[in-house]
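Visitor: Encoded as structure tokens, here's the structure I'll be asking about.
The values are calculated or read from the model by the stated rules, or taken from the named source; none is laboratory data. Since this is a predicted model, take the numbers as computed values, not measurements. Note that each Cβ is placed from the backbone with ideal geometry, even for glycine, and that neighbours are counted across all protein chains shown. With ligands, DNA and RNA removed, areas are computed over all heavy atoms of the protein, side chains included. Shrake-Rupley method; radii C 1.70, N 1.55, O 1.52, S 1.80 Å.
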Amino acid sequence: CLFILSFIYSATINIPENYPTIQEGIDAATTGDTIFVSTGTYSPETGEYFPIIMISNINLIGEDEETTILDAQQTGSVIAMDNCENNTISDLTITGGAGTNGGGMLLLGSNPLLKNITITNNTSSSDGAGMYLYDSNPSLNHITISHNATNHNGGGMYIRSSNPTLIHVTISHNMSDE
């Protein structure tokens, strides 16, 4: 019965219609809500602040993988998840991230479902330019991780104490110095 009630009261928050930035939509969300991001490029130029910090029990869904673009323009990682659970992130391009670890996505103790995502042209000064996983077991389905570069390990993906599930994942044309 509690599951049904939480489902009934979940809402869809539309970006930019309801909130001008993705982070403002996430901050306003409650358990079970979906942040739906319309086609467009979301960057510092449009007021987005990076990294976008996810919280548990919230979904982040773009309108289309090719036309819904999160571009950090080298101002930070694109998406960060720290001890998050029950998240789905889908239908986005994640690009322009720059972080110490996880330029595109930084996952610490988090197990999201990721689907229909392109992670491209991100950098890190340490490990995992495309994705950095620590103590995380995400499910990746129809993901492309390409053209990311790091000064150390894991140009595409750095995996430590983690066990991701990969289905239809392409990891190509990434670079690392070590």
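Visitor: Compare 150, 118, 75 in a GNM of the chain, Cα atoms joined below 10 Å, and give the one with the largest fluctuation.
Guide: Maximum fluctuation in the GNM of the chain, among the listed residues, is at 75.
Visitor: Another one. Give the average over all directions of the projected area of the C-alpha convex hull of the range 1-127, one decimal, in nm².
Guide: 7.3 nm²
Visitor: Taking only protein heavy atoms into account and a 1.4 Å probe, give the accessible area per residue of the range 112-178 in Å².
Guide: It amounts to 47 Å² per residue over the range 112-178.
Visitor: Within the range 4-61, what whole-number % of the accessible surface is contributed by carbon and sulfur, with the 1.4 Å probe and all protein chains included in the calculation?
Guide: With neighbouring chains kept in place, the figure for the range 4-61 is 59 percent.
Visitor: Let me have the 222 nm mean residue ellipticity of the chain computed from DSSP H runs of 4+ only, each contributing -39500 (n - 2.57), with the sum over all residues rounded to the nearest 500.
Guide: -2000 deg cm²/dmol
Visitor: Relative contact order for the range 44-178 using alpha-carbon pairs under 8 Å, separation at least 6, rounded to a whole percent?
Guide: 18 percent
Visitor: Kirkwood hydrodynamic radius of the range 53-178 from all distinct Cα pairs, in Å?
Guide: For the range 53-178, inverting the mean 1/r across all distinct Cα pairs yields 13.6 Å.
Visitor: Which FRET efficiency value, to the nearest 0.05, is calculated for residue 73 and residue 168 with the Förster distance at 35 angstrom and r the Cβ-Cβ distance?
Guide: Efficiency, from the Cβ-Cβ distance: 0.75.
Visitor: Ok, one more. Excluding residue 57 itself, calculate the net charge of residues whose Cβ lies under 9 Å from the Cβ of residue 57, where each Lys or Arg counts +1 and each Asp or Glu counts -1.
Guide: Surrounding charge for residue 57 is -2.
Visitor: Continuing with the same structure: Between residue 125 and residue 45, what is the label-to-label distance in nm when each label sits 7 Å out along the Cα-to-Cβ direction?
Guide: 2.5 nm
Visitor: Ratio to report: Rg/Rh of the range 17-73, with Cα atoms as the point set and Rh obtained by the Kirkwood method; give two decimals.
Guide: 0.93
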